[in-house]
1. So if each residue of separation counts as 0.36 nm, and I subtract the Cα-Cα distance between Leu20 and Leu116, what length gain in nm does that give?
2. Enumerate by residue number the trypsin sites (Lys or Arg not before Pro) in the range 386-443 meeting two conditions: DSSP loop (anything except H, G, I, E, B), and at most 15 other Cβ atoms within 10 Å of the site's Cβ.
3. Hey, fewest Cβ within 10 Å first, where do Thr194, Thr313, Thr499 land in order?
4. To the nearest 0.05, what FRET efficiency results for Asn6 and Glu421 with a Förster distance of 60 Å applied to their C-beta separation?
5. Cα-Cα over 30 Å: which of Lys307/Lys401; Lys89/Lys227; Lys346/Lys371?
6. Let's test the formula: R0 of 30 Å, r as the Cβ-Cβ distance of Lys108 and Asn250. What FRET efficiency results, to the nearest 0.05?
7. Return the FRET efficiency for the residue pair Thr272, Trp79: r is the Cβ-Cβ distance, R0 is 41 Å, and the value is rounded to the nearest 0.05.
Amino acid sequence: MFQLINPLWLFAIGGISIPLIIHLWNIKKGKTLKIGSISLLGESSRQSARSLKLIDLLLLFLRCLLLIVLALILAGPLWNSKINTSSTKGWILMEKQNLNETSNHFKKEIDSLSKLGYEFHFFEPGFQYAKLEDALNQNKSEIGSEQLLPYWSLIKLLEDEVPGNTQVFLFTPNLLNRLGTERPLVTHPIQWKTYTPSDSTATWIENAWFNESDSVNVTIAASSPNKTTFKTIAIDPASNNSPFEFDIQNAKASLKFKDKKQSDSLPVTIDTATIRIAIYTDKFKNDANYLKAAVTAIKKYTGRKIKLTEYSTINIPSDQNIIFWLSETVIPLGIVPLNLFFKYEKGNIEVINSKLNLSPPMNSIGKEDIKLFKRNAYPGNSAGGLSVWEDGFGNPVLNLKMENKLPVFHFYSRFNPDWNELVWSNDFPKALIPIILSDQHASEIHPSDKRIVRQDQIAPSFIKESDTYAVKNQERKKSLENQFWLALISIFVLERYLTFRNNLN
């Protein structure tokens, strides 16, 4: 059965109106030619005229067909055929990325499965069938989808594609950055074998920015199977001994490694902006002083350009990146920061004997807990949001919500030693870094990250549901893209030949 992966591309068939319009536009009304005798005009001349008209119509048809075939190629043509499960014992799955290395690593096992009648399928959306020998001979170990799906997401898709009663053997690297975020629940058992790729180290530029002395601070990441570490160094852009290459285009400065052997030599834009932070307070003057000391420590530690200003009136400029609203008064409508809000919440004050848990955890072994003495009651009807800091009972003390497309941190305590010991802790500035400098702690794992996971961490959760397992799809999907490309080239060659012949006549 014929099927299309992206049928929306069929709308491109509407492009055949272009050759139709050109053809109709070029039709010219015949002219009457007066001659003295018609004895020399016979049947042969009428046949020539009719032949010329047929060639024009054939050219029109071929040009329209070119656009139709191109649209079908973009739509991703597939042919679904019924699978004889009695002759197909199972599937061998590998992704195009690192296909040769994966095959060589598990060569004995894959060869044994192939001799037993196991079919090879690409581990990518569609799970297309292919001959393993042909795929390996193409020497495309480094190719793959432009945007690779995580393994766990592909496992979910595989559930709907693999035929029932078919054994599945999956072979992949064990990289953390390919895993995904949510472990899937599957009903089809999968034998998943992993290995550590030979290219097991990587170095890349995490970020870069101009500091107060107009030199550049660069954070370099170094990754191995066991860990990823970050190191920040200061460099002089004018120095010839720098390991980085600088470039300026469209008024933006960027840098990359001079050494092309670096695993990630893509340029990184240098941040030239100044982070403007406004602190508004009324009766919480001491809280503002503690906060200013912490921000000053962050500025000195990171070397970022930070301009900190305290306000006691609501005349706060509109160009502030961050606003700390250390007040229980209502925020006026006209005060909106560019990046985020941090605001005190008010409510019933609860006196408790607990601790403050920061995220990410920062207290080292042997350090004392950050004690929490007071907090505002967390409203029970408050829905949504992300708990950033919590008390010892798991209740949010700092909660993050998106309000009108702006991150807003709601703080249910105070920057005051009467409320907690956070302001006395060395972890206070560290806890504020992810808030003030969100780019310092990216939530997504870098594509060059080489950390690996254990076999028990990567395997999906299996749910035994025999009824569901027995009614799986019994079809094989084969791409028709190569056949359509061959047809497209053949039609194009024929169209060019007829056009050249028509012009000669």
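1. Length difference between fully extended and current span is 29.1 nm.
2. Passing sites in the range 386-443 are Lys405.
3. In order of increasing Cβ crowding within 10 Å: Thr313, Thr499, Thr194.
4. 0.55
5. Pairs exceeding 30 Å: Lys89/Lys227.
6. Once rounded, the FRET efficiency stands at 0.05.
7. The value I calculate is 0.15.
Coordinate-derived values only; no laboratory data. These figures come from a predicted structure and were not determined experimentally. So basically every Cβ, Gly included, is an ideal-geometry build from the backbone, and we count neighbours across all protein chains shown.
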